[in-house]
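Structure first, then comments.
The values are calculated or read from the model by the stated rules, or taken from the named source; none is laboratory data. For clarity, every value in this text was computed on a predicted model and none was experimentally measured. Counting neighbours? That spans all protein chains shown, and the Cβs are built from the backbone with ideal geometry, glycine included. Quick note on the areas: whole protein, heavy atoms, side chains included, nothing else; ligands and nucleic acids left out. Shrake-Rupley method; radii C 1.70, N 1.55, O 1.52, S 1.80 Å.
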Amino acid sequence: MLRVLTSTLRFPRPWKPLETRGCSSNPGAAGREIQVCALAGPNQGIAEILMNRPSARNALGNVFVSQLLEALAQLREDRQVRVLIFRSGVKGVFCAGADLKEREQMSEAEVGLFVQRLRGLMTEIAAFPAPTIAAMDGFALGGGLELALACDLRVAASSAVMGLIETTRGLLPGAGGTQRLPRCLGVALAKELIFTGRRLSGVQAQALGLVNHAVAQNEEGNAAYHRARALAQEILPQAPIAVRLSKVAIDRGIEVDIASGMAIEGICYAQNIPTRDRLEGMAAFREKRLPRFVGE
């Protein structure tokens, strides 16, 4: 296990920082369904994936999925990324789930391969090294909620609508929903929501623990995004390597018995000991000042 964790946590070098630019809410911007954005100024270190497919309400089609995978691969190589936010450029929608119109044209074999690809996409999101936040300002149904479940944290507008509704379409969740929802809410409640295909508001989702925060929607329709960015700003000042190692310790540890989990924590802690950031944290405490973490 030590060898596996050490290999997984080795940050890629050399690395290329993202070009600093803003996300456009123009549906046709750059002719792409997925845009990658790096924020500047006090938000430097926050990256965003903007989902922009208004014609299909951000449905998970072939091109959409390919561009999402490309975006994740690009961001994974950038150590300046300390938090990644998934947001929508389509008002009233986070992600409407699978592109059923596109899927109708597929053979049974093609459907199986595509769902396997979707499952791989969600795995890539879950395995992203930095913390991820889903900003759900509208509908997050089926695969859209599965995408949010693959993120570390979820923020929703109180008026957002979410649910694993596959059984109402003759399907079952196939991109991680049957595994991540029980881990999030517990087995019995997850079964109830999946069996019934029930839809939840952002307020209901927060009461159940499905989202971290639910906020009243604003006129622009991006209240969840603003709350997600505020949450990202709370993470930004913290030591990035320690945050990433904490994510690994939690994600790996939750799947095993407590003794094995403690061993995983010990491995992660040992990797943090030689970092410059740990020494900076102690020096800042001693000198009664704010630490300046550099991610080394």
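When +1 charges are put on Lys and Arg Cβ atoms and -1 charges on Asp and Glu Cβ atoms, the dipole computed for the chain relative to its Cα centre reaches about 560 debye.
The charge dipole of the range 74-206, taken about its Cα centre with unit charges on the Cβ of Lys, Arg, Asp and Glu (plus for the first two, minus for the last two), comes to roughly 360 debye. Placing unit charges on the Cβ atoms only, positive for Lys and Arg and negative for Asp and Glu, gives the range 156-232 a dipole magnitude near 220 debye about its Cα centre. Using heavy atoms of the protein chains and a probe of 1.4 Å, the accessible area assigned to SER66 is about 40 Å². Packing around the peptides 52-59, 91-98, 214-221, 284-291, taken as the average count of other Cβ atoms within 10 Å per residue, puts them in this order, highest first: 91-98, 52-59, 214-221, 284-291. Centre-to-centre separation between the Cα atoms of the range 186-259 and those of the range 60-88: 18 Å.
Taking LEU118, LEU208 and ordering them by how much accessible surface each has at a 1.4 Å probe, largest first, produces LEU208, LEU118.
When the Cα gyration tensor is reduced to axis lengths a ≥ b ≥ c, the ratio a/c is 1.5 or higher for the chain, and with a/b above b/c it is classed as prolate. Heavy-atom accessible area, probed at 1.4 angstrom with all protein chains present, ranks GLU265, GLU146, GLU124, GLU33 as GLU265, GLU124, GLU33, GLU146, highest first. Accessible surface calculations at 1.4 Å, restricted to protein heavy atoms, place the range 37-193 at 37 Å² per residue.
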